[in-house]
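Beneath this line is the structure, given in structure tokens, with notes to follow.
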Amino acid sequence: MSDPLSCPEFFHNPYPVYDELRSAAPVSQVNTGSSSRPSYLVTGYAEAKAAFTDPRLSKNTKRFFGDRASHRNLHPAVAHNMLATDPPQHTRLRHLVTKAFTTGAVARLRPYIQHTADRLLDDLPADGEVDLVAALAIPLPVTVICRILGVPEYDHAQVRTWSNDLFAAGQPQRIDAASHAVADYMADLIATKRAEPDHSLLSELITVQDEGDQLSEDELVSLTVLILVAGHETTTNFLGNATLALLRHPGLLDHVRTDPDRIGSLLDELLRYDSPVGIATFRYSTQALTLGESEIPAGVPVLISPGAANRDPTQYPDPDCLDADRDARGHLAFGHGNHRCLGAPLALAEAEIALRALLARFPGLRLAVATGELRWRRTRLMRGLESLPVLTQ
């Protein structure tokens, strides 16, 4: 069985692959090329939503892989982070950090997000070509999450490099090396904050307690690495994908330029249309189950695709159409259930502020290359552009 998720066309445009698989069955057995055992890919909306909350689908990778020998050398902080846990451990860890990403906490960050976006846009040429991924989509969320955690500004670029390497599909040595580099960095930063506390989230996490519960050193490193990486990866991809979608729909673009308040209500449809997460992180079946009409045996990987589910025509009629009037609030771009993205309010705030500022500053913004020339990241987990060349006038 060939791997449908590794062909070059998939990284450029995965939706025809998703459509073909879903039309055959909303849950398909696939060969991902990374394991001798079969995997099951969920591409249907109803099946994906059910799978996100099915307790028989575990995220505990340590339990799945056990003590079996592995040629990988992932740092434990990356291999066994909060995303790779089940309740009650996941519930405990999430509870200890969730207050940093509430709607109220994000509202207090909005002036800083606006200031950062304006500063980045100030550096763009008024009439010229620029890569919006490098100039805005990467540095804005990186700067914001680094400020939240207390990462010094001179380390922001290095953090982004490590994060990008962690999602390098088909390059295990590069991924493993990045996992050690970012985990070692955060361990050193934790030691610095412990000696010299400040008002950052990292300093709070070092001392946080909830009814006597406190993070261990390993949990602290693991959790902060996850926040650092997940805190900007999704938003970076979302900003690039959303901007491209608007530029490819000039009628809609003109509409939001004349009525910027529509941007906020359009964010859910932009997330549904081109989800920044193509395939959610690893799950496996702890027992045999039926998902949709498919029988899944015990002990196999189950991959849930928000990108595919969000284009399921049984949930969203004419799903390949970007529809400003569609109610897309039920999309699965941020997941669903107790593993729903903790940073969703922050990602939405950053995207709204950045898109508003970008379109107001550059009313003549347009693509500098044909869409077929755009380069996409070679990762199954993330759906995002390597670069987005635009003309500012």
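Quick notes on this structure:
- Hits in segment 245-281 - residues which are in a loop (DSSP other than H, G, I, E, B), among the charged types (D, E, K, R), surrounded by fewer than 23 Cβ atoms within 10 Å (Cβ to Cβ) and at pLDDT 95 or above: Arg248
- Taking the listed residues Leu332, Leu346, the one that is within 14 Å of the chain's Cα centre (by Cα), buried (at least 19 other Cβ atoms within 10 Å of the Cβ) and not in a helix (DSSP H, G or I) is Leu332, with no other qualifying.
- Filtering segment 201-222 to residues that are within 22 Å of Ala349 (Cβ to Cβ) and surrounded by 20 or more Cβ atoms within 10 Å (Cβ to Cβ) leaves Leu201, Leu202, Leu205.
- In segment 349-380, residue farthest from the chain's Cα centre (by Cα) [restricted to those that are β-branched (Val, Ile, Thr) and surrounded by fewer than 19 Cβ atoms within 10 Å (Cβ to Cβ)]: Val369
- Pair list, Cβ < 9 Å and 6+ apart or interchain, from segment 352-368 residues that are more than 12 Å from Val130 (Cα to Cα) to residues that are among the basic types (Lys, Arg): Ile353/Arg110; Leu359/Arg257; Ala360/Arg257; Pro363/Arg257
- Taking first residues from segment 5-25 that are surrounded by 12 or more Cβ atoms within 10 Å (Cβ to Cβ) and partners that are part of a helix (DSSP H, G or I) and not aliphatic (A, V, I, L, M), the Cβ contacts under 6 Å between residues at least 6 apart in sequence or on separate chains come to Val17/Phe10.
- Of note, Ala230 does not satisfy the criterion of being outside any helix (DSSP H, G or I), under 26 Å from Ala344 (Cβ atoms) and at pLDDT below 90.
- Cβ pairs under 6 Å, 6+ apart, first in segment 277-305 and within 26 Å of Leu239 (Cβ to Cβ), second at pLDDT 95 or above and outside any loop (DSSP other than H, G, I, E, B): Val277/Pro306; Gly278/Gly307; Ile279/Leu303; Ala280/Ile304; Leu303/Leu41; Ile304/Val42; Ile304/Ala48; Ile304/Ala51
The values are calculated or read from the model by the stated rules, or taken from the named source; none is laboratory data. As the structure is a prediction and not an experimental result, all values here were calculated from the model. Here the Cβ is made from the backbone with ideal geometry for all residues, glycine too, and neighbour counts use every protein chain on show.
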